[in-house]
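Take a look at the structure set out below.
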Amino acid sequence: MANTPDLLEGDEPVLLVHGGTPAARQLLMRHLNSLGIAFRLVDIPSRISMHSSPADHDPIEFMQDFSVRMRSVTPKERAVLESVLTGQTNKSISVQLNLTERAIELRKASLMKKLSARSHTELVRRITRYETLKQHLFRQIEIAPGQLPSR
């Protein structure tokens, strides 16, 4: 690949970018520069898709869609999901929850359908993205009256 930049050249970390508006990229670059972080910006070609659906491209659309989907998850499915996210096998989950392996498989299948995941890996990826966005992009900042948030 003659036109592909060598990502390992140079001493600074590489920031891979896929999509986004030029204004959003500039904002990210200014923020990283203000923190004193040196980096090299590398575009990922648009033909490489990192998302499974158009709604996955926009974080706000993803959060709106996925929040609705998460509300449909039952408490029993949530218990299985939490165990799946820790990397446990169906067998260990079945022992932990005192269920048959078949019951675990059925709950995982239901989770995958409800959360629009085609594979175990995609299920974990979507949940991880949801939790990351929820914690970092949509966290609530408490500000006392008359105070501005510090950087």
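The values are calculated or read from the model by the stated rules, or taken from the named source; none is laboratory data. Predicted, not measured: the structure shown is a model, and the values here were computed from it. Here the Cβ positions follow ideal geometry from the backbone for every residue, glycine too, while neighbour counts run over all protein chains shown.
Please determine, by comparing only the residues of region 119-151 that are of a type in the set (Val, Ile, Thr) and either within 18 Å of Arg69 (Cβ to Cβ) or part of a helix (DSSP H, G or I) (or both), which one is modelled with the lowest pLDDT.
Looking at residues that are of a type in the set (Val, Ile, Thr) and either within 18 Å of Arg69 (Cβ to Cβ) or part of a helix (DSSP H, G or I) (or both), I get Thr132.
So, in region 72-95, how many residues would count as being surrounded by fewer than 15 Cβ atoms within 10 Å (Cβ to Cβ) and more than 16 Å from Lys114 (Cα to Cα)?
Residues meeting the conditions: 7.
Can you give me the number of residues within region 107-127 that are hydroxyl-bearing (Ser, Thr, Tyr) and without any contact (Cβ under 8 Å) to a residue 24 or more places away in the chain?
Count: 2.
Of all the residues that make up region 105-118, how many are exposed (fewer than 12 other Cβ atoms within 10 Å of the Cβ) and not in a helix (DSSP H, G or I)?
Counting residues in region 105-118 that are exposed (fewer than 12 other Cβ atoms within 10 Å of the Cβ) and not in a helix (DSSP H, G or I) gives 1.
Of a type outside the set (S, T, N, Q), loosely packed, with under 12 Cβ neighbours inside 10 Å and either farther than 18 Å from Leu123 by Cβ or at pLDDT 80 or above (or both): does that describe Arg102?
So Arg102 passes the test.
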